[in-house]
Amino acid sequence: MKLGLIGLGKMGGNMRERLRNADHTVVGYDRNPDVSDASSLEDLVAQLEAPRVVWVMVPSGEPTRATVHQLGELLSAGDVVVDGGNSRYTDDKLHAAHLATMGVEYVDAGVSGGVWGLKNGYALMVGGEPETVAKVQPIFDALKPEGDSGFVHAGPVGAGHFAKMVHNGIEYGLMQAYAEGFELLEAAEVVEDVPGVIKSWTHGTVIRSWLLDLLVLALEADPKLAEIRGYVEDSGEGRWTIEEAINHAVPAPVMTAALYARFASRQDDSPAMKAVAALRNQFGGHAVTKVAKGEVENPA
């Protein structure tokens, strides 16, 4: 099958290679001419034969919206646009409706696998009409991991990105639990081999997972994670997950706490915790720590 692929970064570039390894023809476009197979979107579309399938793998938000709208002007009725980025599921319905006015079909694909997807395959959560999904199925089959799992047609347009959003919310919670366990092990003097303990959990325990395997790799490279700053960004999907939990009255305390922990990681000296320290001093006479000299000052 022949596919147009827009966005050849860490994910897109590896996806192109995996598809070519499976004997699919991929025409890739990227703003970086050194990795691009086409000089422009117009050139990419011209290199494909109708009915065309074009996969968009660019940052969510305005970059994706602009690309989808531009493709709507270039493609023909019966062509398919696949958004494989991390778009919010509410954008999918807008994209699908816009493209439908030109007869162009739309599929949203939540993609998980990161930089390991080239070797291991990508888990795919797809939304769209069954007939449209079927047009792209050979591509999905080549990208997904070997075996019966790793691909799901989750429902109509928007379902794929909604599923990926929840997936990422769960990921936040799992990562935070492992991180807190690591910190507690480090803080307890009784444990002398923290990396060894965590590695021992990767076989035979109920908490083993791929994320745990990745933590082991990180600790093998830097046993105390001394070279990494404890500053964590969020891609947006964790926030969207919590918003949807609120919208559906679904309690999600673990994922919410994990998201807030990321916010806290960006504060060198939390204003909120300054207020807590001041309040403890006011009502209980508890010691406070001076900013200037790092001295503990007891109340008069």
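Just the residues that are within 20 Å of the chain's Cα centre (by Cα) and open to solvent by 30 Å² or more (accessible area, probe 1.4 Å), please, taken from the stretch 158-184. Within the stretch 158-184, F162, A163, V166, H167, I170, E171, L174, M175, Q176, A177, Y178, A179 meet the criteria. Checking A77, A50, A38 one by one, the residue that is among the small types (G, A, S), farther than 18 Å from G103 by Cα and part of a loop (DSSP other than H, G, I, E, B) is A38 and no other. For the stretch 190-198, indicate whether the set of residues that are within 28 Å of F162 (Cβ to Cβ) and either among the hydrophobic types (A, V, I, L, M, F, W, C) or not in a loop (DSSP other than H, G, I, E, B) (or both) is non-empty. No, the stretch 190-198 contains no residue that is within 28 Å of F162 (Cβ to Cβ) and either among the hydrophobic types (A, V, I, L, M, F, W, C) or not in a loop (DSSP other than H, G, I, E, B) (or both). When you check T64 against the structure, is it β-branched (V, I, T) and open to solvent by 20 Å² or more (accessible area, probe 1.4 Å), yes or no? So T64 fails the test. Against the list (1) modelled with pLDDT under 95; (2) surrounded by fewer than 16 Cβ atoms within 10 Å (Cβ to Cβ); (3) at negative phi, the condition H69 fails is (1). Just to verify a result, which residue in the stretch 241-289, among those that are outside any loop (DSSP other than H, G, I, E, B) and of a type in the set (D, E, K, R), is farthest from I170 (Cα to Cα)? Checked the stretch 241-289; the qualifying residue farthest from I170 (Cα to Cα) is R280.
Among residues of the stretch 263-277 that are farther than 23 Å from I242 by Cα, those with a Cβ under 8 angstrom from a residue that is among the hydroxyl-bearing types (S, T, Y), sequence gap 6+ or separate chain, pair up as A277/T289.
Reported count of residues in the stretch 36-61, each being more than 20 Å from the chain's Cα centre (by Cα), open to solvent by less than 50 Å² (accessible area, probe 1.4 Å) and among the aliphatic types (A, V, I, L, M), is 7.
Go through the residues of the stretch 161-170 one by one and say whether even a single one is in a loop (DSSP other than H, G, I, E, B) and out of contact with any strand residue (DSSP E or B) (no Cβ under 8 Å at 6 or more places or on another chain). No, because not a single residue in the stretch 161-170 is in a loop (DSSP other than H, G, I, E, B) and out of contact with any strand residue (DSSP E or B) (no Cβ under 8 Å at 6 or more places or on another chain). Would you say E146 is closer than 30 Å to L3 by Cα, out of contact with any Leu (no Cβ under 9 Å at 6 or more places or on another chain) and open to solvent by 30 Å² or more (accessible area, probe 1.4 Å)? It is true that E146 is closer than 30 Å to L3 by Cα, out of contact with any Leu (no Cβ under 9 Å at 6 or more places or on another chain) and open to solvent by 30 Å² or more (accessible area, probe 1.4 Å).
The values are calculated or read from the model by the stated rules, or taken from the named source; none is laboratory data. All figures in this text were calculated on a predicted structure; none of them were measured in a lab. Cβ: placed from backbone, ideal geometry, glycine included. Neighbour counts: every protein chain shown. To get the accessible areas, we keep the full protein, side chains included, count just its heavy atoms, and leave off ligands, DNA and RNA. Shrake-Rupley method; radii C 1.70, N 1.55, O 1.52, S 1.80 Å.
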